[in-house]
1. Modelled with pLDDT of 90 or more and touching a Gly at 6+ places or on another chain (Cβ under 6 Å), is that true of Ala68?
2. Can you report the number of residues in segment 127-136 which are open to solvent by 40 Å² or more (accessible area, probe 1.4 Å) and in contact with a strand residue (DSSP E or B) (Cβ under 7 Å, 6 or more places away or on another chain)?
3. Which ones in segment 24-45 are hydrophobic (A, V, I, L, M, F, W, C) and more than 18 Å from Ala87 (Cβ to Cβ)?
4. Thr16 passes all but one of (1) open to solvent by 60 Å² or more (accessible area, probe 1.4 Å); (2) at negative phi; (3) at pLDDT 90 or above; which number fails?
5. Would it be correct to say that Ala45 is without any contact (Cβ under 8 Å) to a residue 12 or more places away in the chain, on the phi < 0 side of the Ramachandran plot and out of contact with any Gly (no Cβ under 6 Å at 6 or more places or on another chain)?
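The values are calculated or read from the model by the stated rules, or taken from the named source; none is laboratory data. Computed from a predicted model, the values in this text were never measured in an experiment. FYI the Cβ positions are ideal-geometry reconstructions off the backbone, even for glycines, and counts take in every protein chain you see. Quick note on the areas: whole protein, heavy atoms, side chains included, nothing else; ligands and nucleic acids left out. Shrake-Rupley method; radii C 1.70, N 1.55, O 1.52, S 1.80 Å.
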Amino acid sequence: SRENNGNARINAEQITVLIGWIMDADPSVGPADVAVIMPKTNGSAVFGQLVDTLNSMYSARGLEPGLAYHMHTQANGTSSPLDWAKARGKTVMLSIHGDKGRGHKLVVFAGCTDGAIPQENQSGIVPKSLLNVATTRSTKYLLIGVAHSRPSRYLTAHWARVEALTYPTWRTAGPLPEPYRTIISKY
């Protein structure tokens with residue numbers, strides 16, 4: 001729908017700004033060091049928009065075109081073969097399952113939302129395992145994004161330990177505080 005594509009574009013632009021900011025702050029992070037992961041990706045409108053916004057940002061930085069790669073899975077229910085050779089040297093966008101066993105300097109975990117992790121009517125070890133995989137793929141920077149108004153109950157359950165490290169937009173309705181306002185206005 002038009003609304004979903006509009007929201008997806010806004011989310012993609014926000015993710016791109018944050019990736020650009022980290023790349024500016026830490027020159028050791030390049031496109032090949034970045035992964036954007038979500039619980040499910042094949043139908044993700046965000047990833048479709050993110051390919052465009054990231055490639056535009058990379059081009060504006062004088063980098064070669066096509067450095068953002070959405071890794072679609074076969075999703076046959078038993079395995080999800082991914083072509084990592086095609087992804088070499090690129091920012092990858094893929095599912096949490098697809099990134100299992102990998103590591104990246106910067107991981108953007110998008111969609112840490114109640115209803116996605118855990119999925120409706122899902123409990124037990126599976127959603128906790130997914131959350132564990134998603135939050136342990138980063139070797140340096142981890143950004144967690146909440147796509148809807150309610151973060152995952154697993155995130156809010158540990159809120160007291162992570163609150164000082166976050167800017168939770170779902171808890172504040174006011175304008176962005178510094179340094180976020182300066183960072184976003186830069187792009």
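1. So Ala68 fails the test.
2. Final tally of qualifying residues: 1.
3. Ala25, Ala45 - these are the residues of segment 24-45 that are hydrophobic (A, V, I, L, M, F, W, C) and more than 18 Å from Ala87 (Cβ to Cβ).
4. (1)
5. no
Listed here are the residues, each with its yes/no results for (1) of a type in the set (Gly, Ala, Ser); (2) at pLDDT below 90; (3) open to solvent by 70 Å² or more (accessible area, probe 1.4 Å); (4) assigned to a loop (DSSP other than H, G, I, E, B).
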| position | (1), (2), (3), (4) |
| --- | --- |
| Ile10 | no, yes, yes, no |
| Val29 | no, no, no, yes |
| Ala32 | yes, no, no, no |
| Gly43 | yes, yes, yes, yes |
| Val51 | no, no, no, no |
| Pro81 | no, yes, yes, yes |
| Val92 | no, no, no, no |
